[in-house]
Amino acid sequence: MQSKFPEMEPRILEQWQGITNLVAKLCRVPAALIMRQNDDTMEVVSGSEHPDSPYQVNEKAPLNGDLYCETVIKTQKLLHVPNALKDPVWDHNPDIELGMISYCGVPVNWPDGTPFGTLCILDRVEKHSTDEEKDLLNQFARIIELTLELLVSNRRFENLSLQDGLTGIANRRLFDVVLKREWAQSHRLKLPLSPLMCDIDFFKNYNDSLGHVQGDECLKQVAEALSAVSKRELDLCARYGGEEFAILLPNTEPKQAFELAEQCRRAVAGLQIPHPSSAVCDVVTISIGVCTMTDSGDVSETALIRAADQALYRAKQGGRNRVEICPTVS
C-alpha cells in the first residue's frame, strides 16, 4: 500500500510549500494545507506561511471521525463547509477549537488509488468558496498527485537498478553499497562482520550441456535457496556476478558464519537439481568461502571480500561442494 511509502523528499516539500502559500493567497484564506493520512492520524505535511494560521508542519490530529479531512478521504469527494458552527455534525471538530470554522478540501491519492490525504483551505470566518476556488483546489491536487506519481516511479526505478533482473535478489551494486555501510558500522561499534562468497560448481559445464534456459532457471532456484537461509533482518543475499553469489552477515561471529554457510551449501544440494556434467556430484552444488572481520578488526571492506574470495578458491581447490573458512582478519 503506497500510503506508507515512500517518504517525502525535501525538494518535494519545498515545492508543496509554494503550492500552499499560493493557494492561500489566491483563495484569500489564512490556512491552506496538504494533509497526509497515517495509520491513525492526519498529519500536516505542508501549510501556508500565514500569521493567522494555527497549524504547524508535522502537527498530527487523531483520526476519530470528527475531522473534515476524514470525510473527504472516506467519500473521495470535495467537502465544502461554509460555517461549521451552523452544522451539529462538526460539534466535536478540533479545528473549531482553533477558530477555523470554514473548510473546503479535495482528496489526494497515490498512483495506485490509495488515499494520500487532502488539499484544503480553512478560515476563521464563514466562507462560501466559489466554483473557481474549488476548481483551483482540484487542479493543484492533480499537481500534487503528479508529484507523487513521479516519486513512486523514481523509487521503483531505484529499486530496479539495485535488483538483479534474473533472480530478483540484490545485485552487485546494492551489495557494495550495503557492504560499505555495514563495514563502517561494524568498525565503529567493534562488531564482527562476515561475508560469504558462493560459487555454483561447474556451472559452465551445466550451461554447456543443458543450455542457458536451464542455466537461468538453476540460478533462480539457487538464489531462492540462499535467500531462504540468509533471512535475518540485516542479512543480505546478492548475485555478485555470473554464477557467483555473495551473502553479507552483520554482527556474525566466525562459528555462526560457518554454520550458516553450511546451511546454504546443504540447501542448494537439497534442491536436487540434476547436474549431469558435474565432476563432484550428480546434482547442483556450491562452494563457499567465509571470512570474518573481528570486533577489533581494522581491515578494509575490499580486503575483507578478497579474503573471503581466497577462501572460496581454497574450497574449489579442495574438491568443491564444501565450505572453507579463512582466519579472522584484522
For this session: Hey, can you tell me all the residues within region 264-302 that are of a type in the set (Val, Ile, Thr), loosely packed, with under 14 Cβ neighbours inside 10 Å and modelled with pLDDT of 95 or more?
Result: none
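So that you can scan it fast, the table gives a plain yes or no per residue for (1) closer than 20 Å to GLU49 by Cβ; (2) of a type in the set (Gly, Ala, Ser):
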{"site": "LEU63", "(1), (2)": "no, no"}
{"site": "THR75", "(1), (2)": "no, no"}
{"site": "HIS92", "(1), (2)": "no, no"}
{"site": "VAL106", "(1), (2)": "no, no"}
{"site": "GLY117", "(1), (2)": "yes, yes"}
{"site": "GLU126", "(1), (2)": "no, no"}
{"site": "LEU136", "(1), (2)": "yes, no"}
Exercise. In region 251-277, which residues are among the charged types (D, E, K, R) and assigned to a helix (DSSP H, G or I)?
Worked result: LYS255, GLU259, GLU262, ARG265, ARG266
Problem set entry | For SER129: the one exception among (1) free of Cβ contacts under 8 Å to residues at least 60 places away in the same chain; (2) over 16 Å from MET35 (Cα atoms) | (1)
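Is it the case that LEU248 is in the same structural domain as HIS187 (by TED's automatic domain parsing), touching an Asp or Glu at 6+ places or on another chain (Cβ under 8 Å), assigned to a strand (DSSP E or B) and modelled with pLDDT of 95 or more?
Numbers: in the same structural domain as HIS187 (by TED's automatic domain parsing): yes; touching an Asp or Glu at 6+ places or on another chain (Cβ under 8 Å): yes; assigned to a strand (DSSP E or B): yes; modelled with pLDDT of 95 or more: yes.
When the stated conditions are applied, LEU248 passes them.
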Exercise. Across region 34-73, which residue is surrounded by the most Cβ atoms within 10 Å (Cβ to Cβ) among those that are hydrophobic (A, V, I, L, M, F, W, C) and part of a loop (DSSP other than H, G, I, E, B)?
Worked result: LEU67
Exercise. Looking at SER227, is it touching a Cys at 6+ places or on another chain (Cβ under 6 Å) and surrounded by fewer than 22 Cβ atoms within 10 Å (Cβ to Cβ)?
Worked result: yes
Problem set entry | Residues that are among the β-branched types (Val, Ile, Thr) and under 13 Å from VAL108 (Cβ atoms), drawn from region 128-175 | ILE143, ILE144, THR147
For this session: Note down all Cβ pairs under 6 Å where the first residue falls in region 20-36 and is in contact (Cβ under 8 Å) with a residue 24 or more places away in the chain, the second is assigned to a strand (DSSP E or B) and hydroxyl-bearing (Ser, Thr, Tyr), and they're at least six residues apart or on different chains.
Result: THR20/SER46; ILE34/SER46; MET35/THR118
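The values are calculated or read from the model by the stated rules, or taken from the named source; none is laboratory data. Since the structure is predicted, the reported quantities are computational estimates derived from the model, not experimental observations. Every residue, glycine among them, receives a Cβ derived from its backbone with ideal geometry; neighbour counts consider all protein chains shown.
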